[in-house]
Amino acid sequence: MSFALPITIAILALVSILLSPKARAESGFFAGISPNGESPGLLTMILSQVTTWIFARSLLNAAILGFYYGIWGTVAYAAYYLSFLTGGLIIDSLRFKHGFNSVQDFLRDRFGSVGTRCYNFVIGLRLVSEVFANILVIGILFGSAGSSAYTIAVMAFAAVTLLYSMLGGLHASLRTDVFQMVVFIIVLVMLVFMVFSDGLVTVENLLATPFVISEPGPILLLVALLQIWSYPMHDPVMMDRGFIADRQTTRKSFIHAGWISVLCIMVFGSFGVIAGANAEAGEAMNAVLNRLLGDLPMFLFNAALVISAMSTLDSTLSSSAKLVAVDMRVVQPTIQNGRIVMVMFMLLGLAMVFFGNKDLFSAVAVSGTASMYLAPVVFFSLWAGVRDIPVWSYAAAFALAVGGAVLYFMESSGHSMWLGEVHKYTKLLWICLAVLGGGILLFFIGGATKQTSAVQTTV
């Protein structure tokens, strides 16, 4: 089996390259429109949404959280995928209630240049972290950090994915997403069948960890339920796919992508739960799974991670090009400039792989916390339609959220102990409650102050 995974990666890469037509027009490269001017259909949208959000980091995180915190750790991570439901509502309101063509256009209208600069900063970090996290998973599969196998795997995977992403941009990404998701489903079904046939899936294994509200799993579930109101809006990969099809197709794609993603995450995460229930003292998750499953199922487990990493990475690069060239307007939105941006983001992601933090969930928690400044934007400015929120409320909510994200990073990495000796997820919950409550209060006060000023001016 030692050569099976590299061969699988090579085959997937070759097919992905063959499925990636060279872009001839900016509309295909940045907006996903086919050469004959057609938007993607419902099946393409669903499969693309699912495969770009079930990325390698997510699968590994779901399994790791299940390994350490039982089924409730996996349920907590699966709860993040309710973001498809809130994200669908956000997109529907942005496009069809308010008539905007991007999140940036909406924020520029409501909060001027401050609105877009804060937002672009957060989603820029999100995109770089996605490049980093998915490449990192590939390195982990092939060796320990710093080893020659690790370095070769990281560089080769990055080069191949960058190549076919540069060929066709978002249109190519949508085409390869369908292929990669079909392969992923086949692999996952085979893996589930093997695990069930071995008798490893039992109620005792799955419920080995009881539900205790003060334990990390249930606490992380509360964190997810707080973050899903803003999390989708700061994910440009999801948001970009909300603006390329008609209203009915878009609505259905978000709904179906939501339940499919939750199901896939729960299934994959349950492998970690089973490993945790059968682990011996000091035994790592991969070692337990190797012992329980054997070579072929472990190959399928790793292949699923590779497929998901590839499918997410090409979409992340496409969204990076659109962010800089179309949404931020830093450069002219040409295909050549889009390809240059892809190279830049890939290099930044590689720099993080070799020199950055290796904690996969930290990237989710930090970006999710930073995104929470958008929750009052969604509640007040988008869904409630309040137009008189002052810029200072928006800027203060942004500063509060970024401060909370930095504080969590410092606390979780051991650089500070300001919040005491409690578990890092308890600290994260406290921070999220403060950021969300503070942001809502800032918007409420700002709106009330502006209304009072308007009344006094009228009088």
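Selection of the stretch 9-33 for residues being surrounded by 16 or more Cβ atoms within 10 Å (Cβ to Cβ) and in a loop (DSSP other than H, G, I, E, B) yields Leu19, Ser20, Ala23, Gly32, Ile33. Answer yes or no as to whether Ala153 is of a type in the set (Gly, Ala, Ser), loosely packed, with under 15 Cβ neighbours inside 10 Å, farther than 21 Å from Gln49 by Cβ and out of contact with any Ser or Thr (no Cβ under 8 Å at 6 or more places or on another chain). No; evaluated as a whole, the condition is false for this residue.
Look through Ile123, Ile140, Ile91, Ile135 and report the one residue that is on the phi < 0 side of the Ramachandran plot, modelled with pLDDT under 85 and β-branched (Val, Ile, Thr).
Ile140
Would you pick out the residues in the stretch 286-331 that are small (Gly, Ala, Ser) and over 21 Å from the mean Cα position of the chain (by Cα)? Residues satisfying the conditions are Ala287, Gly294, Ala325.
For (1) out of contact with any Pro (no Cβ under 7 Å at 6 or more places or on another chain); (2) farther than 30 Å from Asn337 by Cβ; (3) among the acidic types (Asp, Glu); (4) surrounded by fewer than 18 Cβ atoms within 10 Å (Cβ to Cβ), each residue gets a yes or a no:
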residue: Leu170; (1), (2), (3), (4): yes, no, no, no
residue: Leu200; (1), (2), (3), (4): yes, yes, no, no
residue: Thr209; (1), (2), (3), (4): yes, yes, no, no
residue: Pro216; (1), (2), (3), (4): yes, yes, no, no
residue: Leu220; (1), (2), (3), (4): yes, yes, no, no
residue: Asp246; (1), (2), (3), (4): yes, no, yes, yes
residue: Lys252; (1), (2), (3), (4): yes, yes, no, yes
residue: Trp259; (1), (2), (3), (4): yes, yes, no, yes
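Each residue in the stretch 213-246 was checked for being part of a helix (DSSP H, G or I) and either over 16 Å from Tyr80 (Cβ atoms) or under 12 Å from the mean Cα position of the chain (by Cα) (or both), and 10 pass.
For the stretch 63-80, the count of residues that are under 13 Å from the mean Cα position of the chain (by Cα), farther than 16 Å from Leu263 by Cβ, among the hydroxyl-bearing types (Ser, Thr, Tyr) and crowded, with 24+ Cβ neighbours inside 10 Å is zero. Can you confirm whether Met310 is surrounded by fewer than 24 Cβ atoms within 10 Å (Cβ to Cβ) and assigned to a helix (DSSP H, G or I)? It is false that Met310 is surrounded by fewer than 24 Cβ atoms within 10 Å (Cβ to Cβ) and assigned to a helix (DSSP H, G or I). The residues in the stretch 376-414 that are within 24 Å of the chain's Cα centre (by Cα) and of a type in the set (D, E, K, R) can be counted, and the count is 1. The residues on offer are Gly258, Gly276, Gly272, and the sole one that is touching a Leu at 6+ places or on another chain (Cβ under 6 Å) and assigned to a helix (DSSP H, G or I) is Gly258. Is at least one residue of the stretch 124-132 aromatic (Phe, Trp, Tyr), closer than 16 Å to Ser320 by Cβ and more than 17 Å from the chain's Cα centre (by Cα)? For the stretch 124-132, residues aromatic (Phe, Trp, Tyr), closer than 16 Å to Ser320 by Cβ and more than 17 Å from the chain's Cα centre (by Cα): absent. Can we say Pro40 is assigned to a loop (DSSP other than H, G, I, E, B), buried (at least 24 other Cβ atoms within 10 Å of the Cβ) and over 16 Å from the mean Cα position of the chain (by Cα)? Considered against the rule, which asks whether it is assigned to a loop (DSSP other than H, G, I, E, B), buried (at least 24 other Cβ atoms within 10 Å of the Cβ) and over 16 Å from the mean Cα position of the chain (by Cα), Pro40 comes out as yes.
Here is a yes/no grid of residues against (1) under 18 Å from Leu317 (Cα atoms); (2) modelled with pLDDT of 85 or more; (3) not in a helix (DSSP H, G or I):
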position	(1), (2), (3)
Phe157	yes, yes, no
Leu174	yes, yes, no
Gln180	yes, no, no
Val189	no, yes, no
Phe196	no, no, no
Leu200	no, no, yes
Phe211	no, yes, yes
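Counting only helices (runs of 4 or more DSSP H) that sit wholly inside the stretch 320-438, those with at least 1 residues that are hydroxyl-bearing (Ser, Thr, Tyr) and either surrounded by fewer than 23 Cβ atoms within 10 Å (Cβ to Cβ) or touching a Pro at 6+ places or on another chain (Cβ under 9 Å) (or both) are 360-370, 391-412. How do the pairs read when you match residues in the stretch 326-347 that are over 23 Å from Arg108 (Cβ atoms) with residues anywhere that are surrounded by fewer than 17 Cβ atoms within 10 Å (Cβ to Cβ), using Cβ under 9 Å and keeping only pairs 6 or more apart or on different chains? Here the result reads Ile335/Arg24; Ile335/Ala25; Ile340/Val331; Met346/Ala159, each pair linking the stretch 326-347 to a residue that is surrounded by fewer than 17 Cβ atoms within 10 Å (Cβ to Cβ).
The values are calculated or read from the model by the stated rules, or taken from the named source; none is laboratory data. Quick caveat, the model's predicted, so the values are computed rather than measured. Glycine gets a Cβ as well: all are built from the backbone with ideal geometry, and neighbour counts include every protein chain shown.
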